[in-house]
Amino acid sequence: MFESLLFNLMLVVLIGILSQWVAWRFRMPAIVVMSVVGLLVGPIFGVINPQESMGELFEPIITFAVAIILFEGSLNLDFREIKEFRKPVYRIVTVGAVIAWIAGSLAAHYFAGLSWTVAFIMGGLFIVTGPTVILPLLRQAKLKPRPAAILKWEGIVVDPFGALLAVFTFEFFKFLNSEVTLNSFLLFFAASFFAVLLGWGSGKILGIAFERGNVPEFLKSPVLFAVVLFTFVLSDEIMLQTGLLAVTAMGMTMANMRLSSIQDIRHFKENISVLLVSGIFVMLTASLDPVVLIEIFNLNIMWYVLAMLFIVRPLSIWVSTIGTELTNREKLLIGWIAPRGIVALTVSGYFATILLDHGYEDAKILTALTFALVFTTVLVHGFSIGPLARKLNLQITDESGVLIVGGSRFAADLATSIKSTGNEVLIVDQTWTGLSHGRKVGLNGFVGDILSEQLDYHLDLTPYRFILAMTSLDTYNAHVCEDFVPDLGREFLFQTAVLETNIEKNYKITGGRLLFSPAVSIYDLEERMNEGHVIRKTLITKQYSYTQYLRERDDTSILLYILRTDESIEFYSPKVELKAEAGDTVIALVSPTKIIERVKERLKDVNDETEIPHQQIEELFTNEIKAGNSFIPGEAPISAK
């Protein structure tokens, strides 16, 4: 309908980004939304056809996008992250990948009817499980740490190597068919070795330049983008298709250099790669021939997809994990979940063109085959991972873990209190300085931007039910809560109250629920800590009811949360009325003045009823106050429970 190249480019970018937003807003796999929208504006309604309008630019754009996507994946291959579950991961990405390659190739030949050459090339490509698809699924399913970690790292590690295995297979079959000589085939290995050296050298030089400050901050992303493309094109010019290997080696090198600026480097993904991912999906689907949509329902293709789901994937996981510490339930879950993503789509289109040029007519169905596999795995695995995990007892269901965004003295004291209840707690801050209070008392901390998509690669968020945004920036707190609404639900997202001066500036904050009762800003909380306020625990009993506690409590105190008898926690909020029952514990931030006055009154009563010296009793009360505990009439201190 629209032939303008400029209009088509604009529409592709706009549709891609809007699709990403819709997927985030309604908790849907982004790949499905983008692909469906692409089909609607492309072959179904004929609004655009990027391949026709872009002409010769279409393939270079796709190729560059694949290179950047593979570099992004390899940039996250820091092997320190898998030290606790190294054995099953190594087995799955080596033995499991080989089994998946061979079994998938056999399925492609016998079920889809592909020739041996095309079957083995596609079998190598389809070993991938894309991180752009698996990570949102893991967030939604809330798996227990080990299966979640293994699925995440499999997606990251295997993703770059699927395309490389397809490249190697293609060159190998060219040699067997005498299309290339032995010298030419050996030259491919030499060129591949050079590609590794080129990628390693580029990553090393660029990493050192970043570390020494030879590249300013505002140029890091552009320089990184330019060097990735340079490395890819130079290697590909020397030997076609080795560019993918070069950028993968470059990313792995930089990921394991222990660069202090690695977090800044990873913003490359968000600034450039996300935009390309969104656009490429729309470009590929919008350029489809309507005939391809009909071919998806080809009986051979459907049999192939079923074989990949129920034979190839389970076989590769069960065989490769023999002798590892994985349980049968974990093997069953991991053996079922394997959604394919953008690399499978983009690289299959890349190879479809090459194979057709070399006379492999059966390559015409590769696009339909790939779309059938991608759509089926994303939909089936996306809707089944949660129920299956619950059935296998591999889902965290009753956790009350708390993730605190923003390091401060109050945050450290609150985290210490939560940790003492037996619940998981983690403080995330963008600087090491922000975590200093927490590190002094042995709390877990993580340096990074919680809004960064790269955080998914390095931090397992599944143990955390609550997110408390308590930074000094009210708008940032709101953005944090708003970003996690689709994943956790607004009832589990809290932010400290907006500073009064910001309210006067008419800042409109529509993030999470206000935290604590009454709700106060992080500045007020910090000021109270500096004045000596302490976090105090009070046990509610039949003798000392919650109503009595509220009646006797200091008016200046702030109710923080309730620890239930089952060790779950509930946070106070001004618009939600909580009630504590006998056996529950109320945690509040209270003034030390009132505590001391009440302690002195009770010291007299206790000293009259016991032969313990007054000084010893006073020391006991002082220690309990420092520990954040309180004495309840007729009850023992909390620490004595």
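Sparsely packed loop sites in segment 511-582 (the trypsin sites (Lys or Arg not before Pro) outside DSSP H, G, I, E and B with at most 13 other Cβ atoms within 10 Å) comprise Lys542, Lys575, Lys579. Using 1/(1 + (r/R0)^6) with R0 = 45 angstrom and r between the beta carbons of Glu527 and Leu275, what's the FRET efficiency to the nearest 0.05? So, using R0 = 45 Å, E works out to roughly 0.55. Taking the Cβ of Leu245 as the centre, find all other residues whose Cβ is under 15 Å away and add up their charges (Lys, Arg: +1; Asp, Glu: -1). Net local charge, Leu245 excluded: -4. Which loop-located trypsin sites (Lys or Arg not before Pro) does segment 147-231 contain, where loop means any DSSP state but H, G, I, E or B and the Cβ has at most 13 other Cβ atoms within 10 Å? Sparse-neighbourhood loop trypsin sites (Lys or Arg not before Pro): Arg212. Given their separation in residues at 0.36 nm each and the Cα-Cα distance between them, Arg25 and Phe310 gain 99.4 nm when the chain is fully extended. With R₀ set to 51 Å, the beta-carbon distance separating Arg553 from Leu459 gives a calculated FRET efficiency near 0.85.
Given in Å, the Rg to one decimal and the Dmax to the nearest whole number for the Cα atoms of segment 538-581 are 10.7, 29. For the cross-link pairs Lys87/Lys204; Lys142/Lys575; Lys142/Lys220; Lys440/Lys542, the ones whose C-alpha atoms lie over 31 Å apart are Lys142/Lys220; Lys440/Lys542. Label separation (Trp432 vs Asp566): 4.2 nm, computed from points 7 Å beyond Cα along the C-beta direction. Looking at segment 5-64, the chymotrypsin sites (Phe, Trp or Tyr not before Pro) that sit in a DSSP loop and have at most 11 other Cβ atoms within 10 Å of their own Cβ are Phe26, Phe45. For the pairs Lys144/Lys579; Lys144/Lys419; Lys537/Lys579, note any where the Cα-Cα span goes beyond 27 Å. Over 27 Å Cα-Cα: Lys144/Lys579.
Over all other residues within a Cβ to Cβ distance under 11 Å of Gly42, the charged ones net out to -2, with Lys and Arg as +1 and Asp and Glu as -1. Calculate the FRET efficiency for Lys391 and Phe7 from the Cβ-Cβ distance with a Förster distance of 51 Å, rounded to the nearest 0.05. Step by step, r from the Cβ atoms, then E = 0.55. One decimal place: the segment Thr475-Leu451 gains 7.4 nm when fully extended, by the rule 0.36 nm per residue minus the C-alpha distance.
Treating each Cα of segment 279-336 as one equal point scatterer and applying the Debye formula with no solvent, the log10 of I(q)/I(0) at q = 0.20, 0.21 Å⁻¹ comes out as -0.78, -0.80.
Seen from Thr377, the other residues with C-beta closer than 10 Å to its C-beta sum to a net charge of +2, counting Lys and Arg as +1 and Asp and Glu as -1. The simple spin-label model puts a point 7 Å past each Cα toward its Cβ; for Tyr110 and Leu176 those points are separated by 1.7 nm. Once both labels are positioned 7 Å from their Cα atoms along Cα-to-Cβ, the gap between Leu234 and Leu299 label points is 5.4 nm. With bins 10 Å wide beginning at 0, the percent of Cα pairs of segment 285-403 falling in each bin runs 12, 33, 29, 18, 8, 1.
Computed from the coordinates by the stated procedures, all read-outs in this text should not be read as laboratory data. Everything numeric in this text was worked out from a predicted model, so none of it was measured. As a convention, Cβ positions derive from the backbone with ideal geometry for all residues, glycine included, and neighbour counts pool all protein chains shown.
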